[in-house]
Ligand SMILES: C[S@@+](CC[C@H](N)C(=O)[O-])C[C@H]1O[C@@H](n2cnc3c(N)ncnc32)[C@H](O)[C@@H]1O
């Protein structure tokens, strides 16, 4: 079988039958980790989510310096300029503009994203035809006990049929329900990785890819650029698998998130109920050192969560309960309630921290929130130490490929924070007053920062981030554009000749012995030192009374 008609066709993939899974995407050649398997800018369906509709261009998804301008007829599509407006008109807006205008005239708010995608499919036969070929688990959903999911789908289908003006008879609604099942089953939503550009898309070749909690590939997205990259070596003939969910969560949470897809995951991680460290150890063949903040591969295998399986199993079970407890607590809205909430969560996660299980949910969520809390307080040095903790002790295990989009974002976040701390430590002889009270720990953080060549560290992290992202993203991803701007600024700083010679030698040949040593000295060691101060910061700040 060849892949379905789609913009993302490639010589290197094939659609095959996979027992118990329906169809599957396989590779015809052996793929190295990091290889771009498919790339497209023209998915079948693509729409910003309602929350972002008026802030990003409906066609290219860029945010731009000035707000995008609304379509003067329907006010439901927004464009950065006439080129995008014309392209979107040709692609789909010509069929949806009138019905959306009618809706607006009737005083109705914007359609939910999936309902609007269904309207597009009902109005454009070529879209409906491509969707028809995709899996939708229609019968399974229709015959589900309780029938609540089907009832919800019927309500959305009815709304879409009415909006599209295709009639609301039994036959029309049944067809719309089927199309909605297919949209839901195959839609990608990249809100977490790219919060500025939240959107939903459906792409028929990518829709052939099945799920695993130890994914062998990742879909990366920047604007309209959609790229499928191998996360590990994949042998010719093997299936390519991605994750549909946040696979870093414990099994009960993963099962909950996978429920809408109607299958029981039988991946090695689910079969063995492996924790996140054991799952990480299934990626042994990646070079985690060159261009990565991660520890040696051997350290992954020696981590207490891999070696002490009893303790790890207990923590894995506990993780589910702690997560449920945290989720049921109210979301804090003021600074003091945020602090109180972080204290509460730290108390609940203390066992994990003491056992060095930093990658085990829900500890990474706490570390990320603590880093954001410090940044909001403009306590840049503590925000930095916790960001370093996140990058090394949490994300390097949760997302083993160094080029994973989250890992790249970690590098960038540390670089951004360094641009603040570098300014602070060079201009101030005393640390900021809000921080003085944290006494000894703060003094050590400030002293550590003074010992680090923060500008060179920042520069090298940005260079790493740019090397690790797909070529297609360099001009498209806001993060990459910012990284290039920051590098230009750093390049203009005077008096850095010696550092620049070493950095250029490392960048030219990062695998050379000298380069590795320099990388260890200038990047890995300082980031790990800051990360251990981050652990202390959390203990100091959030351990409570
Ligand atoms: C996006 S589609 C993937 C392609 C699909 N197998 C097909 O034949 O078109 C998602 C659906 O594939 C099936 N699927 C995906 N991953 C699976 C897995 N690991 N085990 C069993 N079925 C899976 C489920 O029916 C799921 O709802």
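For this structure, a couple of remarks:
- Annotation for the stretch 507-521: no member residue is in a helix (DSSP H, G or I), in contact with a strand residue (DSSP E or B) (Cβ under 7 Å, 6 or more places away or on another chain) and either in contact (Cβ under 8 Å) with a residue 12 or more places away in the chain or within 30 Å of residue 228 (Cα to Cα) (or both).
- Note on the stretch 365-391: residues that are surrounded by fewer than 24 Cβ atoms within 10 Å (Cβ to Cβ) and closer than 16 Å to residue 324 by Cα total 1.
- Within the stretch 235-253, being in a loop (DSSP other than H, G, I, E, B), within 13 Å of the ligand (Cβ to nearest atom) and within 16 Å of the chain's Cα centre (by Cα) holds for 243, 244, 245, 247.
- Selection from the stretch 198-214 of residues that are under 16 Å from the mean Cα position of the chain (by Cα) and buried (at least 22 other Cβ atoms within 10 Å of the Cβ): 199, 201, 213
- Residue tally, condition closer than 19 Å to residue 189 by Cβ and more than 13 Å from the ligand (Cβ to nearest atom), over the stretch 254-275: 1
- Matching entry among 32, 16 (being over 16 Å from residue 85 (Cα atoms), surrounded by fewer than 16 Cβ atoms within 10 Å (Cβ to Cβ) and within 16 Å of the ligand (Cβ to nearest atom)): 16
- Some residue of the stretch 343-352 being at pLDDT below 90, over 20 Å from residue 253 (Cα atoms) and not in a helix (DSSP H, G or I): no
- Looking only at the stretch 182-196, and only at residues there that are more than 16 Å from the ligand (Cβ to nearest atom) and out of contact with any helix residue (DSSP H, G or I) (no Cβ under 7 Å at 6 or more places or on another chain), the one that is modelled with the lowest pLDDT: 192
- Extreme residue, surrounded by the most Cβ atoms within 10 Å (Cβ to Cβ), among residues of the stretch 137-152 that are within 16 Å of the ligand (Cβ to nearest atom) and not in a helix (DSSP H, G or I): 137
- Selection of first residues in the stretch 9-20 that are without any contact (Cβ under 8 Å) to a residue 60 or more places away in the chain and of second residues that are part of a strand (DSSP E or B) and away from the ligand (no atom under 13 Å from the Cβ), restricted to Cβ pairs under 9 Å at least 6 apart or on distinct chains, gives the following pairs, ordered by first then second residue: 12/27; 12/31; 12/37; 12/38; 14/27.
- Criterion: closer than 20 Å to residue 48 by Cβ and either in a helix (DSSP H, G or I) or under 31 Å from the mean Cα position of the chain (by Cα) (or both) - qualifying residue of 114, 134: 114
- One residue from 176, 105, 157 being more than 16 Å from the ligand (Cβ to nearest atom) and more than 31 Å from the chain's Cα centre (by Cα): 105
- Just so you know, in the stretch 35-68 the residues that are within 16 Å of the ligand (Cβ to nearest atom) and over 19 Å from residue 229 (Cβ atoms) include one that is surrounded by the most Cβ atoms within 10 Å (Cβ to Cβ), and it is 44.
- Selection from the stretch 220-234 of residues that are modelled with pLDDT of 95 or more and either within 14 Å of the ligand (Cβ to nearest atom) or out of contact with any strand residue (DSSP E or B) (no Cβ under 8 Å at 6 or more places or on another chain) (or both): 228
- Of the residues 366, 384, the single one that is part of a helix (DSSP H, G or I) and either at pLDDT below 95 or touching a strand residue (DSSP E or B) at 6+ places or on another chain (Cβ under 9 Å) (or both) is 366.
The values are calculated or read from the model by the stated rules, or taken from the named source; none is laboratory data. Predicted model only: the values in this text are computed from it and were never measured. Cβ: placed from backbone, ideal geometry, glycine included. Neighbour counts: every protein chain shown.
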